[in-house]
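The values are calculated or read from the model by the stated rules, or taken from the named source; none is laboratory data. Everything numeric in this text was worked out from a predicted model, so none of it was measured. Here the Cβ is made from the backbone with ideal geometry for all residues, glycine too, and neighbour counts use every protein chain on show. Just the protein is used for accessible areas: all its heavy atoms, side chains included, with ligands, DNA and RNA removed. Shrake-Rupley method; radii C 1.70, N 1.55, O 1.52, S 1.80 Å.
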Amino acid sequence: MPERRTVALVTLGCARNEVDSEELAGRLEADGWHLVEDAENADVAVVNTCGFVEAAKKDSVDALLEANDLKGHGRTQAVVAVGCMAERYGKELAEALPEADGVLGFDDYADISDRLQTILNGGIHAAHTPRDRRKLLPISPAERQGAGADVALPGHAPVDLPEGLAPESGPRAPLRRRLDGSPVASVKLASGCDRRCSFCAIPSFRGSFISRRPSDVLGETRWLAEQGVKEVMLVSENNTSYGKDLGDIRLLETLLPELADVDGIERVRVSYLQPAEMRPGLIDVLTSTPKIAPYFDLSFQHSAPGVLRAMRRFGSTDQFLQLLDTIRSKAPQAGVRSNFIVGFPGETADDLAELERFLTGARLDAIGVFGYSDEDGTEAATYENKLDEDVVAERLARVSRLAEELVSQRAEERVGETLQVLVESLGSAGSDGEEELAYGRAAHQAPETDGQVLFTSGEGLTVGRMVEAKVVGTEGVDLVAEPLPGSFGCTEEAAR
């Protein structure tokens, strides 16, 4: 028999890209490819790129060059770029980076196996000319669901597939193949975005907003639970818009309790929430439903009204603080994280002081701070009142120092709290390796972006267990917690 074709997927960027990679993996495995973890052991290395900001694009190029260096020294014969950067730049990326043997856009995903085989055989698949994907779907959200069947939507592969097509298939298996054994997995709730933030290019290459049907989200969650997943994180460019194209903007409030009832799932987390779209009913569900994490990943970006208006966003320091007060009045332990841009065109010293006033009063658990830079094709790139790069750098350093101090203070406020912590990894320490370590995350900590919990002892803990623990100390944004006796593998009642 001929040796099986092998492929490795290297994923950069956000959790949405991770879901897309697992869909690509499912398609490839269903067509007979053997998935391997390391690019050096693969015939083809597929790099799922990020095209969000300059730093992410640089990381993507570096990953492609690193994979290219493997050619001629091992099994690797071809390197292929997919993902947001490949979609966003297409031909331009292919011409600028000849080291990549192929640059595939979202429209190539359904035929990914054939595309890779062509490239592996020495053929050429011409890179696409980028187009504004917002124009592929109707302007009216209500008309998009039917039209969406003809538009490539990564991460939206149907759950009810013909028998034998889905990997590890059963009647509810999605076209997805898990690439790690983590007890946590992301589930795509929707794709695209209808907002027109002046600094953001994502809608142009991810397209207009379109929801997945609740039955598909539920089916995929059930399948993940069968694979041993204990926590699912709902991801999209804007989860607060979920259901608007299905005729019910409150559909998320209905879906969340159903997801929480899936056998085997211990925690459901919602990410990417827009402050201007937060509804009382959604806050109630997020703060009072068993197994739903009272976690608010709110995209504030700034708090000075003038800067927000220039960003094509809404709100103010006082409005945002009132929103946080409302959340914490219902769930005092609720977790809140956000990202901010400093040095935006026209940002004054008073605007920066207003942002610092908000950060100081907000008591956020995690804060990401970015210095403004022009992004191709965005409205803000055309603004004239740009700040000097050294001013942006100084403000970035200043606010980053404040953010680091504030999240450490917020962590210290949690000393004495009792938390439900999902154990995610085990290890050992000490010169003899006999000290057992365990790490996990509480409800206020999302994967990758936020802090984690270090247990005072890992003895008796296993990955995937939900453990009740008391916070006894901090290490910066991270917490140190002591497992409570009898809490290992706590039940649903304990999780409440």
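Is there a residue being among the small types (Gly, Ala, Ser), surrounded by fewer than 19 Cβ atoms within 10 Å (Cβ to Cβ) and under 23 Å from VAL7 (Cα atoms) anywhere in segment 137-158? Yes: segment 137-158 contains one or more residues that are among the small types (Gly, Ala, Ser), surrounded by fewer than 19 Cβ atoms within 10 Å (Cβ to Cβ) and under 23 Å from VAL7 (Cα atoms).
Residue by residue, here is whether (1) farther than 25 Å from LYS58 by Cα; (2) without any contact (Cβ under 8 Å) to a residue 12 or more places away in the chain; (3) in contact with a strand residue (DSSP E or B) (Cβ under 9 Å, 6 or more places away or on another chain); (4) not polar (S, T, N, Q) holds:
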residue: GLY361; (1), (2), (3), (4): yes, no, no, yes
residue: GLY377; (1), (2), (3), (4): no, no, no, yes
residue: VAL391; (1), (2), (3), (4): no, no, no, yes
residue: ARG401; (1), (2), (3), (4): no, yes, no, yes
residue: VAL407; (1), (2), (3), (4): yes, no, yes, yes
residue: ARG410; (1), (2), (3), (4): yes, no, yes, yes
residue: LEU426; (1), (2), (3), (4): yes, no, yes, yes
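SER373 fulfils the conditions (1) small (Gly, Ala, Ser); (2) in contact with a Gly (Cβ under 9 Å, 6 or more places away or on another chain); (3) surrounded by 21 or more Cβ atoms within 10 Å (Cβ to Cβ) except for a single criterion, (3). Filtering segment 73-100 to residues that are open to solvent by 60 Å² or more (accessible area, probe 1.4 Å) and of a type in the set (Asp, Glu) leaves GLU92, GLU95, GLU99.
Can you find even one residue in segment 32-51 that is in contact with a helix residue (DSSP H, G or I) (Cβ under 8 Å, 6 or more places away or on another chain), hydroxyl-bearing (Ser, Thr, Tyr) and open to solvent by 10 Å² or more (accessible area, probe 1.4 Å)? No: zero hits. Yes or no: ASP69 of a type outside the set (A, V, I, L, M, F, W, C), within 28 Å of SER191 (Cα to Cα) and either out of contact with any Lys or Arg (no Cβ under 8 Å at 6 or more places or on another chain) or open to solvent by less than 10 Å² (accessible area, probe 1.4 Å) (or both)? Here the answer is no, as ASP69 does not meet what is asked.
Among the residues of segment 334-391, count how many are in a loop (DSSP other than H, G, I, E, B) and touching a helix residue (DSSP H, G or I) at 6+ places or on another chain (Cβ under 7 Å).
The number of residues fulfilling the criteria is 14.
Search segment 181-194 for residues being surrounded by fewer than 20 Cβ atoms within 10 Å (Cβ to Cβ) and over 14 Å from LYS135 (Cα atoms), and hand back the single one that is modelled with the lowest pLDDT. Reasoning before the result, please.
Pass one, segment 181-194, residues surrounded by fewer than 20 Cβ atoms within 10 Å (Cβ to Cβ): 181-182, 194.
With over 14 Å from LYS135 (Cα atoms) added as a condition, the list becomes 181-182.
Working: GLY181: 90, SER182: 94.
Among those that are surrounded by fewer than 20 Cβ atoms within 10 Å (Cβ to Cβ) and over 14 Å from LYS135 (Cα atoms), it is GLY181.
Which ones in segment 292-305 are open to solvent by less than 30 Å² (accessible area, probe 1.4 Å) and touching a residue at least 40 places away in the same chain (Cβ under 8 Å)? Across segment 292-305, the qualifying residues are ALA293, TYR295, PHE296, ASP297, LEU298, SER299, PHE300, GLN301, HIS302, SER303, ALA304.
Residues are listed down the side, and each one gets a yes or a no for (1) in contact (Cβ under 8 Å) with a residue 24 or more places away in the chain; (2) farther than 23 Å from PHE300 by Cα; (3) part of a helix (DSSP H, G or I):
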| residue | (1), (2), (3) |
| --- | --- |
| TRP223 | yes, yes, yes |
| THR240 | yes, no, yes |
| LEU255 | yes, yes, yes |
| GLY264 | yes, yes, no |
| ARG269 | yes, no, no |
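Taken together, LEU308, LEU324 contain a single residue that is touching a His at 6+ places or on another chain (Cβ under 8 Å), outside any loop (DSSP other than H, G, I, E, B) and open to solvent by less than 20 Å² (accessible area, probe 1.4 Å), which is LEU308.
In summary, GLY105 fulfils each of the numbered conditions (1) closer than 23 Å to SER191 by Cα; (2) crowded, with 21+ Cβ neighbours inside 10 Å; (3) out of contact with any His (no Cβ under 8 Å at 6 or more places or on another chain) with the single exception of condition (3). At least 1 residues being modelled with pLDDT of 95 or more, open to solvent by 70 Å² or more (accessible area, probe 1.4 Å) and not β-branched (Val, Ile, Thr) is the threshold, and among the strands (runs of 3 or more DSSP E) wholly inside segment 453-496 those reaching it are 466-475, 478-483.
For the condition crowded, with 20+ Cβ neighbours inside 10 Å and of a type outside the set (Lys, Arg), LEU402 does not qualify.
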